[in-house]
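Worksheet for the structure shown next.
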């Protein structure tokens, strides 16, 4: 089943963390993961769990880069760049942050990727977080974009559940 068909009900922050940990285990240098969702959708919660899992440290301090725009985390599998583009006024502002330096040896985890406009890498995994129905806190939808190999890495839908 293609990744674009993967969707998950996430009843709470713990479930969001589980998804982040599973995606972190599959991430490798050159990857871009774009986190879409309104304010309060769970993007930062997902990013924190992803960073902690990436480094294998549940107690790691993971501040939101809302004001710094970028937080970097060196590690054995490459450098992880956590980007929060919320405060960008124009997509060209992202050029000053040196995101091109992160790839192909690093991993980009981008909150508010739509603010990057034409500078958002085409080859990426999109994760859309939306309010869930009924008792579900949120819904997550994964979409493999630009010919990346996330489909092969993630395998059948059941591998992420």
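Residues in region 33-65 that are crowded, with 16+ Cβ neighbours inside 10 Å, part of a loop (DSSP other than H, G, I, E, B) and modelled with pLDDT of 90 or more: 37 alone. For the residues 119, 82, the requirement of being in contact (Cβ under 8 Å) with a residue 12 or more places away in the chain and surrounded by fewer than 21 Cβ atoms within 10 Å (Cβ to Cβ) singles out 119. Filtered by the rule that a residue be over 22 Å from residue 20 (Cβ atoms) and in contact (Cβ under 8 Å) with a residue 12 or more places away in the chain, region 91-104 gives 91, 92, 94, 95, 97, 104.
Picking from residues in region 69-79 that are in a loop (DSSP other than H, G, I, E, B) and surrounded by 13 or more Cβ atoms within 10 Å (Cβ to Cβ), the one that is modelled with the highest pLDDT is 78.
Residues that are closer than 24 Å to residue 119 by Cβ and more than 14 Å from the chain's Cα centre (by Cα) within region 38-49 comprise 38, 39, listed in sequence order.
The residues of region 9-18 that are surrounded by 21 or more Cβ atoms within 10 Å (Cβ to Cβ) and farther than 20 Å from residue 83 by Cβ amount to a single one, 10.
Considering only residues of region 3-22 that are in contact with a strand residue (DSSP E or B) (Cβ under 7 Å, 6 or more places away or on another chain) and within 24 Å of residue 122 (Cα to Cα), which is modelled with the lowest pLDDT? This residue is 4.
Here is a yes/no grid of residues against (1) surrounded by 17 or more Cβ atoms within 10 Å (Cβ to Cβ); (2) in a helix (DSSP H, G or I); (3) at pLDDT 95 or above; (4) under 15 Å from the mean Cα position of the chain (by Cα):
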{"position": "95", "(1), (2), (3), (4)": "no, yes, no, no"}
{"position": "100", "(1), (2), (3), (4)": "no, yes, no, no"}
{"position": "107", "(1), (2), (3), (4)": "yes, no, no, yes"}
{"position": "114", "(1), (2), (3), (4)": "no, yes, yes, yes"}
{"position": "130", "(1), (2), (3), (4)": "no, no, no, yes"}
{"position": "135", "(1), (2), (3), (4)": "no, no, no, no"}
{"position": "143", "(1), (2), (3), (4)": "yes, no, no, yes"}
{"position": "147", "(1), (2), (3), (4)": "no, no, no, no"}
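Within region 149-160, the residues that satisfy the criterion of being within 16 Å of the chain's Cα centre (by Cα), more than 14 Å from residue 123 (Cα to Cα) and either at pLDDT below 65 or crowded, with 18+ Cβ neighbours inside 10 Å (or both) are 154, 160. I'd like the full set of residues that are within 20 Å of residue 132 (Cα to Cα) and surrounded by fewer than 16 Cβ atoms within 10 Å (Cβ to Cβ), limited to region 19-32. Of everything in region 19-32, nothing turns out to be within 20 Å of residue 132 (Cα to Cα) and surrounded by fewer than 16 Cβ atoms within 10 Å (Cβ to Cβ).
Restricting 18, 52, 77 to residues that are free of Cβ contacts under 8 Å to residues at least 60 places away in the same chain, over 14 Å from the mean Cα position of the chain (by Cα) and under 21 Å from residue 153 (Cα atoms) narrows the list to 77.
The one condition from (1) modelled with pLDDT of 90 or more; (2) under 15 Å from the mean Cα position of the chain (by Cα); (3) part of a helix (DSSP H, G or I) that residue 30 does not meet is (3).
The values are calculated or read from the model by the stated rules, or taken from the named source; none is laboratory data. Just so it is clear, the structure is predicted and the values come from calculations on it, not from any experiment. Cβ coordinates were reconstructed from backbone atoms using ideal geometry, including for glycine residues, and neighbour counts include every protein chain displayed.
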